[in-house]
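Read the structure below first, then the notes.
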Amino acid sequence: MKGRGGRHDTAMTTDLLLGRARELWIELAGAPAEFPPSGGMSVAVSPGSAMCPPLWTGAVVLGDAGMVTAPSAQVAELVEGAVRKLSPEGLVDVERLRELLPVLDVLGPASLFYLDRDGFLPVRGDAAVEEVTGVDDELATFLTCAGEEDVGESGMEDITSPAFVLRDGGEVVATAGYRVWPQAVAHLSVLVAPVCRGRRLARVVASAAVTHALAAGLLPQWRARSNPSKRVALALGFRELGVQLSIRVGEGDERRGRARRG
C-alpha cells in the first residue's frame, strides 16, 4: 500500500506542477493559446509572444502536450503544416524542424524543470551563503569579470530577488538569484567562476535562492541547456517536465533567398 500511495502522490505532484507551469506559458503566449488537454499540439498567432524573442516562433512542450506561438499568420500556416507531421517531442527537435521549415536561427532547446516545497532537497556547503541586496562592489566585479556571454546565459543581471553569494578570500566565486515571472514563478539564475566549477558551489547558492523563492510562495523554474546545469537541478529535487525552443522562420524574401543559397 505504501508503494502504491507513493506513486500516486508522485503523479499528483507532477500533475500539479504541470498545471502551474502550463498556466505560466499560456500567459507568456500573449494570445488565445492552449496545451491541448488530450495531448498533441496547438499553434497560435501572437506577434507579442513572450515565449520567444520578437518576430520569432516559440515552442514549449510540457508533459504530453505542446504549444507554439508564431509572429504572423503566414508563419503559423507553415508551422501548422510541420506540426501535422510531428509528435510533441519532434516539435523541439531542431534537426527535424529544419527538414520541415525554413529555419534561419535557433535558441535552445532548453529543458524546463519545476519544484515544489515537498520535493526540495536543500544543499549546504562548508561556507555560509550571504544574502546581498543593493550595491555590492565585489559582486559587481565578479559579474564584470565573468564575461558577457556567461552572464547573459545565467540571467544574473535580470534577477529581482536578492543575490545569494559565496566568497573565497573576500572575492565572490558563485552567486544565484531569481526573477519573478508571471503566475508567481521564480525563474532561477546561477553563475560560478570558471576556476571554481566542479566544486558543487552552484548547488549551494541555488539552494539558498530556491529556499527564498519557496518561502515567498513562488514556483521555482529552472531552465537548462547543459548537462551540468541539469545535474544541479536534479540534485535540488527539480523535476524535468518539458522543453522550450525558439526558432526564427523565414518568410517572403527571406525564404526565397535561402532557397537560392541552398
* Within the range 42-54, is even one residue surrounded by 14 or more Cβ atoms within 10 Å (Cβ to Cβ), without any contact (Cβ under 8 Å) to a residue 60 or more places away in the chain and within 15 Å of the chain's Cα centre (by Cα)? -> yes
* Members of the range 115-127 that are out of contact with any Gly (no Cβ under 9 Å at 6 or more places or on another chain) and either under 14 Å from residue 174 (Cα atoms) or modelled with pLDDT of 95 or more (or both) -> 124, 125, 126, 127
* To do: Considering each residue of the range 174-199, count those that are surrounded by fewer than 22 Cβ atoms within 10 Å (Cβ to Cβ), of a type in the set (A, V, I, L, M, F, W, C) and in a strand (DSSP E or B), and give that number.
  => 2
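Every residue in the range 133-148 that is among the hydroxyl-bearing types (Ser, Thr, Tyr) and either more than 17 Å from residue 209 (Cβ to Cβ) or assigned to a strand (DSSP E or B) (or both), please. Show your work before the answer.
As a first pass, look at the range 133-148 and keep what is among the hydroxyl-bearing types (Ser, Thr, Tyr): 133, 141, 144.
Scanning the range 133-148 gives 141, 144.
This table checks each residue for (1) touching a strand residue (DSSP E or B) at 6+ places or on another chain (Cβ under 6 Å); (2) more than 16 Å from residue 250 (Cβ to Cβ); (3) modelled with pLDDT under 90.
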{"site": "45", "(1), (2), (3)": "yes, yes, no"}
{"site": "56", "(1), (2), (3)": "yes, no, no"}
{"site": "64", "(1), (2), (3)": "no, yes, no"}
{"site": "82", "(1), (2), (3)": "no, no, no"}
{"site": "86", "(1), (2), (3)": "no, yes, yes"}
{"site": "94", "(1), (2), (3)": "yes, no, no"}
{"site": "110", "(1), (2), (3)": "yes, yes, no"}
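Quick one: which residue in 68, 151 is outside any helix (DSSP H, G or I) and either crowded, with 16+ Cβ neighbours inside 10 Å or assigned by TED's automatic domain parsing to the domain that holds residue 225 (or both)? Working first, answer last.
Details: 151 fails: outside any helix (DSSP H, G or I).
Sole residue among the options that is outside any helix (DSSP H, G or I) and either crowded, with 16+ Cβ neighbours inside 10 Å or assigned by TED's automatic domain parsing to the domain that holds residue 225 (or both): 68.
Yes or no, residue by residue, for (1) farther than 27 Å from residue 245 by Cα; (2) part of a helix (DSSP H, G or I); (3) touching a Phe, Trp or Tyr at 6+ places or on another chain (Cβ under 6 Å):
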| site | (1), (2), (3) |
| --- | --- |
| 204 | yes, yes, no |
| 208 | yes, yes, yes |
| 211 | yes, yes, no |
| 217 | yes, no, no |
| 220 | no, no, no |
| 231 | no, yes, no |
* Structure fact -> With the first residue restricted to the range 187-200 and required to be in the same structural domain as residue 220 (by TED's automatic domain parsing) and of a type in the set (Val, Ile, Thr), and the second required to be modelled with pLDDT of 85 or more and buried (at least 19 other Cβ atoms within 10 Å of the Cβ), Cβ contacts under 6 Å at 6 or more apart or on different chains are 190/176; 190/202; 190/206; 192/174; 192/201; 192/202
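Can you go through 123, 92 and tell me which one is among the aliphatic types (A, V, I, L, M), touching a residue at least 12 places away in the same chain (Cβ under 8 Å) and assigned by TED's automatic domain parsing to the domain that holds residue 56?
92
Which one of 78, 86 is surrounded by 15 or more Cβ atoms within 10 Å (Cβ to Cβ), not in a loop (DSSP other than H, G, I, E, B) and not β-branched (Val, Ile, Thr)?
Working: 86 fails: not in a loop (DSSP other than H, G, I, E, B).
That would be 78, the only listed residue that is surrounded by 15 or more Cβ atoms within 10 Å (Cβ to Cβ), not in a loop (DSSP other than H, G, I, E, B) and not β-branched (Val, Ile, Thr).
Can you go through 130, 99 and tell me which one is modelled with pLDDT under 95, among the charged types (D, E, K, R) and surrounded by fewer than 16 Cβ atoms within 10 Å (Cβ to Cβ)?
Working: 130 fails: surrounded by fewer than 16 Cβ atoms within 10 Å (Cβ to Cβ).
Every option except 99 fails the conditions.
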* Examine the range 117-132 for a residue that is assigned to a loop (DSSP other than H, G, I, E, B) and among the basic types (Lys, Arg), and state whether such a residue exists. => yes
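The values are calculated or read from the model by the stated rules, or taken from the named source; none is laboratory data. All figures in this text were calculated on a predicted structure; none of them were measured in a lab. Heads up, the Cβs are rebuilt from the backbone with ideal geometry, glycines too, and the neighbour counts pull from every protein chain shown.
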